[in-house]
1. Quick check, is LEU28 more than 22 Å from ALA203 (Cβ to Cβ) and either of a type in the set (A, V, I, L, M, F, W, C) or in contact with a Pro (Cβ under 7 Å, 6 or more places away or on another chain) (or both)?
2. Return the residues of the stretch 32-59 that are over 17 Å from the mean Cα position of the chain (by Cα) and at positive phi; say none if nothing qualifies.
3. I need a count of the residues in the stretch 363-377 that are in a strand (DSSP E or B) and at positive phi.
4. Within the stretch 330-338, is there a residue that is more than 23 Å from the chain's Cα centre (by Cα) and either closer than 30 Å to GLU26 by Cα or at pLDDT below 90 (or both)?
5. Since ALA301 meets every condition but one in (1) in contact (Cβ under 8 Å) with a residue 60 or more places away in the chain; (2) under 21 Å from the mean Cα position of the chain (by Cα), which condition does it not meet?
6. Looking only at residues in the stretch 334-377 that are within 17 Å of ILE225 (Cα to Cα) and β-branched (Val, Ile, Thr), which one is surrounded by the fewest Cβ atoms within 10 Å (Cβ to Cβ)?
7. If you take the residues of the stretch 20-46 that are under 22 Å from THR77 (Cα atoms) and of a type in the set (A, V, I, L, M), which of them is surrounded by the fewest Cβ atoms within 10 Å (Cβ to Cβ)?
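The values are calculated or read from the model by the stated rules, or taken from the named source; none is laboratory data. Computed from a predicted model, the values in this text were never measured in an experiment. Counting neighbours? That spans all protein chains shown, and the Cβs are built from the backbone with ideal geometry, glycine included.
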Amino acid sequence: MPKDAAVGEFAGLVRALKARDGRSYEALGRRLSVSASTLHRYCSGRTVPEEFAVVDRLALLCGADEEERRALEAAWTRADRARRPAVPEPGAESEPESGPDQKPEPEPPFASGTAPLHPRVPGLPSARRRRRWGWVGAVCGALAVVAAVTLGAVLVPGKARERAAEPPAPLTWTVASHVWQDGCGHTYLVDRAPDRVPPPPAAQDAEPWARAQEAVHGGDTLVRISVQGRSATEAVVLQALHVRVVGRAEAVGRPAYRMDNGCGGAVTPRLFDVNLDLPRPVARSVAGYDASGSTGRTIPAVALPYAVTASAPEEFLVNARTAGCDCRWYLELEWSGGGRTGTVRIDDGGRPFRTSGVRGPVYAYDTTLSRGWIPSS
């Protein structure tokens, strides 16, 4: 049993959901786009999910009602606080540093934002952001939504921008950009010597670690997008996914630090591959892979258009890669539903994602002898 009572309480609720459904870990994991071993760790309390969205999808699959989902979210919040290490988060986001390997970022062409993956609270920040920003941030977010609807500010380009008093979009989405390949492999570029870089974090703590080191994604950036409709009966059709590159420079020469620290079973969800080195990158749908079983299985490539509802969410993984570019980019997701169309901008909290090719020395962490960063062969 987990030592921490909050983690144990949360794990017990997840186990109860799994027992109610009756399906195996592997069968449920396929529906949730996680491995069977990952779902087992949630049930045993060995791991607390980084985001509530995956557990909320489990609750929906297992027929949980609104009250049960709220109790589950409250338990996840307590467990997340208890399990998360006491690492001070960076303060207000500062202006990007200037230097030979960084160019000023262009102004975003229109506003952007993300909404939580819960139809019951449309437009408010996620549970983790509410903790991070406090009630002031939550109130400001709600006021921003009200102002946007009142003034007719629509978060899509073209004709939709001209519409007056456009109602909110009929879908919600969450974005995670510090996703590691197979849950264990990733490379960060950090402008510091090896003796000044702390050990690799656990995968769920990658974002605060990377922000504290002012790290840049090295070689590729994996962006996980979870999307669902607001209605359980009316589908929202995801029409297309576009890539917008807003800045290009030579790949930075910072040292590269590999996060590989051992892998379990892995699931690559519905996957889009993006080659940022092309003049006009596109999101190309490719097959995923589930390595959690004894032999593994291929997850078929997704074909857009694709329909989602509140009770049938979907998760996509975008793998944006580069060898020679220091690229700044974001995604646009086109949707249609309820007689309306629109475009959602998917970015890094209002800023473009940043991915650079690896040009400097590469280091891996030695967990046995030196317990420090050593040159990687």
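1. Working: more than 22 Å from ALA203 (Cβ to Cβ): no; either of a type in the set (A, V, I, L, M, F, W, C) or in contact with a Pro (Cβ under 7 Å, 6 or more places away or on another chain) (or both): yes.
No: the conditions fail for LEU28.
2. Within the stretch 32-59, just GLY45 meets the criteria.
3. Matching residues across the stretch 363-377 total 0.
4. For the stretch 330-338, residues more than 23 Å from the chain's Cα centre (by Cα) and either closer than 30 Å to GLU26 by Cα or at pLDDT below 90 (or both): present.
5. So the condition that ALA301 fails would be (1).
6. THR343
7. Within the stretch 20-46, the match that is surrounded by the fewest Cβ atoms within 10 Å (Cβ to Cβ) is LEU32.
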